[in-house]
Amino acid sequence: NAGVMQNPRHLVRRRGQEARLRCSPMKGHSHVYWYRQLPEEGLKFMVYLQKENIIDESGMPKERFSAEFPKEGPSILRIQQVVRGDSAAYFCASSDGQGYGYTFGSGTRLTVV
Amino acid sequence: EDQVTQSPEALRLQEGESSSLNCSYTVSGLRGLFWYRQDPGKGPEFLFTLYSAGEEKEKERLKATLTKKESFLHITAPKPEDSATYLCAVQATGWGGSQGNLIFGKGTKLSVKP
């Protein structure tokens, strides 16, 4: 019974490149949430998605960031034209939408050089 | 503005020395308060959810309590394997409080020495 799977675990990008982070929710979960953890900062909510729908993107930066959760396949967090300030750990969580417990993945550590 | 403050930032204990971690919150309305444990290089691991003042939950050496303004995570006779960062988060009701929006504190880093 695999948990929330995120890949890659580590990602290095040069400034101006694109970063794609993937998240496969737990089996049976159809709700996906993305959070960002900056050094010395707490986890910050970015976006909440269900299959083919963005439910709440109030935490997403207005430019360069986008997220999707297609009918088939993992959820993708996409960062275009990365800058040094995008360096952080990005965590995905999933739930079945019935209660309030979320299961987190191990995260993707993005380093922009 | 909804916010969560955890204290202390770091806590060092000897094995067997019981203590408590604090989580103070300010929200327009509380839907739920969550405690997570996070080990270095890993994602948060769910511990407890509390919904109303007076509620308590226990798991092994951990006990979480909730009042209208704060939550405590009590650690009884801790062991070295309890060393981790403990995160508190709240989910608010009202405008903008969607199901997914957890507001996290910065965490308390706990070290338990043998």
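The values are calculated or read from the model by the stated rules, or taken from the named source; none is laboratory data. This is a predicted model, so every value here is computed, not measured. Note: ideal-geometry Cβ built from the backbone for every residue, glycine included; neighbour counts use all protein chains shown.
For the reader, a short list of remarks on this structure follows.
- A:S87 being more than 14 Å from chain B (Cβ to nearest Cβ) and within 24 Å of B:Q38 (Cα to Cα): yes
- Any hit, segment A:63-74, residues being in contact with a Leu (Cβ under 6 Å, 6 or more places away or on another chain) and within 14 Å of chain B (Cβ to nearest Cβ): yes
- Selection within segment A:12-28 - under 13 Å from the mean Cα position of the chain (by Cα) and either closer than 19 Å to B:Q91 by Cα or not in a loop (DSSP other than H, G, I, E, B) (or both): A:A19, A:R20, A:L21, A:R22, A:C23, A:S24
- Counting only residues that are over 24 Å from B:C88 (Cα atoms), without any contact (Cβ under 8 Å) to a residue 12 or more places away in the chain and acidic (D, E), segment A:50-69 holds 1 of them.
- Residues of segment A:75-105 that are assigned to a loop (DSSP other than H, G, I, E, B), in contact (Cβ under 8 Å) with a residue 60 or more places away in the chain and surrounded by fewer than 19 Cβ atoms within 10 Å (Cβ to Cβ): A:Q80, A:Q81, A:V83, A:D96, A:G97.
- Residues located in segment A:1-11, provided they are in a loop (DSSP other than H, G, I, E, B), away from every other protein chain (no Cβ under 12 Å) and not polar (S, T, N, Q): A:A2, A:P8
- Exactly one residue out of B:L66, B:L33 is surrounded by 13 or more Cβ atoms within 10 Å (Cβ to Cβ), within 26 Å of A:W34 (Cα to Cα) and among the aliphatic types (A, V, I, L, M), and it is B:L33.
- Filter pass, B:F104 being in contact with a Gly (Cβ under 7 Å, 6 or more places away or on another chain) and among the aromatic types (F, W, Y): yes
- When A:V47 is tested against (1) within 12 Å of another protein chain (Cβ to nearest Cβ); (2) touching a residue at least 60 places away in the same chain (Cβ under 8 Å), only condition (2) is not met.
- Odd one out for A:H31, checked against (1) within 8 Å of another protein chain (Cβ to nearest Cβ); (2) more than 13 Å from the chain's Cα centre (by Cα); (3) in contact (Cβ under 8 Å) with a residue 12 or more places away in the chain: (2)
- Scanning segment B:48-63 for residues that are surrounded by 12 or more Cβ atoms within 10 Å (Cβ to Cβ), over 13 Å from the mean Cα position of the chain (by Cα) and of a type in the set (D, E, K, R) gives B:E55, B:R61.
Condition check ((1) at pLDDT 95 or above; (2) under 23 Å from A:V47 (Cβ atoms); (3) within 14 Å of chain A (Cβ to nearest Cβ)) across all residues:
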position: B:S18; (1), (2), (3): yes, no, no
position: B:Y36; (1), (2), (3): yes, yes, yes
position: B:E70; (1), (2), (3): yes, no, no
position: B:V90; (1), (2), (3): no, yes, yes
position: B:G96; (1), (2), (3): no, yes, yes
position: B:V112; (1), (2), (3): yes, no, no
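- Number of the exception - B:K42 against (1) under 15 Å from the mean Cα position of the chain (by Cα); (2) of a type outside the set (F, W, Y); (3) surrounded by fewer than 20 Cβ atoms within 10 Å (Cβ to Cβ); (4) under 26 Å from B:V112 (Cβ atoms): (1)
- Answer from B:T76, B:T65, B:T26 - the residue that is touching a strand residue (DSSP E or B) at 6+ places or on another chain (Cβ under 8 Å), more than 12 Å from chain A (Cβ to nearest Cβ) and within 30 Å of A:I54 (Cα to Cα): B:T26
- Of all residues in segment B:36-75, those that are assigned to a strand (DSSP E or B) and of a type outside the set (V, I, T) total 21.
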